[in-house]
1. What do you get for trypsin sites (Lys or Arg not before Pro) in the stretch 89-134 restricted to DSSP loop and a cutoff of at most 10 other Cβ within 10 Å of the site's Cβ?
2. Hey, in the GNM for the chain with a 10 angstrom Cα cutoff, which one of ILE264, ILE58, ILE276 fluctuates hardest?
3. Take the Cα pairs of the stretch 113-211, get the Kirkwood Rh, then feed it into Stokes-Einstein at 37 °C and 0.692 mPa s and tell me D in µm²/s.
4. Relative contact order of the chain, please, whole-number percent, based on alpha carbon pairs below 8 angstrom and at least 6 residues apart.
5. With only Lys, Arg, Asp and Glu charged, each at its Cβ (+1 for the first two, -1 for the last two), find how big the charge dipole of the stretch 221-285 is about the Cα centre; round to the nearest 20 debye.
6. State which helices in the chain qualify, where a helix is a whole DSSP H run, it must extend 30 Å or more along its own axis by its Cα atoms, and its mean Kyte-Doolittle hydropathy must be at least 0.5.
7. Taking the Cα centre of the chain as origin, sum charge times position over the Cβ atoms of Lys and Arg (+1) and Asp and Glu (-1), and report the length of that vector in debye to the nearest 20.
8. Would you please give the residues with an amide H less than 5 Å from that of ILE264, counting only those at least 5 places away or on a separate chain, with H modeled from the backbone geometry?
Amino acid sequence: MKKVFFGLLFTFILIITIFSLNNKAEANTNMENNKVVFNFNTKTAKLNSGYEIPLNGIGTYSLLNDECYNSILFALQNGVRLIDTAYIYRNEEEVGKAVKDSKVDRKDIFIITKLYPNQYSYAENAINEALKKLDVEYIDMMLLHHPGQNDVEAYKAIEKAVKEGKIRSIGLSNWYIKELKEFLPKINIIPALVQNEIHPYYQDSDVIEYIQSLGVAVQGWYPLGGRGHQKELLNDKVLKDIAQKYDKSAAQIILRWNLQREVIVIPGSSNIEHIIENTEIYDFELSDEDMKKIAALNRDEKHDWY
Ligand code: NAP
C-alpha cells in the first residue's frame, strides 16, 4: 500500500515538473519571439497591443487647413492607411474630416495623434478633446510627444482610455534609452511604438535596436531629413547613385532602407506626386551592400533639438 502511495506521489511530482518546465519553455519562446515582424505582403506589422499598423504612412507636421485636408484625402484615396498628426500640429480636425470624406472604411485607417507636454496635467480631458476634434469613436494610437512634467500621469490616463475603448495602442515619442529605462518601470501597459528622429544622417541604430529588443515597434520622424534639410539628403551622391541603380527616387531608397531596418515611415508631403511615390517602396529590395553604403552615411546629425 505504502509502495503504491509513494509510486503515485512520485508520478504526480514528475508530471507537475514536466508541465512547469514546458510552460517555462513556452514563456521563454514567447520572450524570444516578441519581436515586431514586418509583413511586406500585407504591408503591416502586428504591434504588441495586438493591432496591425501599416508600414508606411503620411506625416502632417506643418500641413494646415485645406492643404492638410487635401493631402490626407488624396493620400487615403491613393492607398495610404496610416496618418500621423498631433495636438500641436493644429490639424486634427482637418485629418478627421479627410478620414470621413475619403469613404475608406474607418477600420482600415490607422490614426496616430499625440498629447503635448502642456496637456499632461489634464490628460483625460485632452484625450476627449482629441477624439472630438478627430471626430472618431476611437484613436488607433496616442503618443506622448515628449518626456515632460506629469508624463507618467498622462500615460496612465491613456492606459485608462485604452480600458475604456477610446484608444487602442499607446506610444512614446522622443524617448531614448535612458528615458525608456526610467519610464517603463513606472507604467503598466508597455508602449506599442516609439517614434523618434531617424534618417540616413541620424541613424540612431543603438536606440532602434534597444527599442526593438523590447518588442516595441520603431517609427521614424523626419525620414527625408525634415523640411529645410530634405534637399541636401535627397541630393546625396551615394543615395542618388543607389536610386539610379534601382530606377527609384532617392526618397524611395531612404524609405525602403527604413523598412528593411524594420522602421515604420511617415514622410510628410502635400505634393500628390510625392505622396504616391512614397507608397511605391515594395517592388524592390536593397542589397546588403547598398544597405551598408547607406549605413556609412550616418553623421549623428540631428535636425531638431528633441
Ligand atoms: P520629412 O518627411 O522628412 O520631409 C518632408 C519634406 O520632404 C517636405 O518638404 C516634402 O515636400 C518633401 N518630400 C516628401 N516626399 C518627397 C519625395 N518623394 N520627393 C521629394 N521630396 C519629398 O519631414 P516631416 O514631414 O517634417 O516629418 C515627417 C513626419 O514626422 C511629420 O509630418 C510628422 O508627422 C512627424 N514628426 C514627428 C515629430 C515628433 O517629435 N514626434 C517631429 C517631427 C515630425 P512636398 O510637400 O513638396 O512633398
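Readers should treat all values here as calculations from the given coordinates under stated rules, not as data from a laboratory. It should be emphasised that the depicted structure is a prediction, and the values quoted were computed from it without experimental measurement. Neighbour counts run over all protein chains shown; Cβ positions are idealised from the backbone, glycine included.
1. LYS103
2. Of the options given, ILE276 has the highest mean-square fluctuation.
3. In µm²/s, the coefficient is 237.
4. Here the relative contact order equals 17 percent.
5. Value, rounded to 20: 240 debye.
6. 2-32
7. In debye, rounded to 20, the chain gives about 1080.
8. VAL218, GLN219, GLY220
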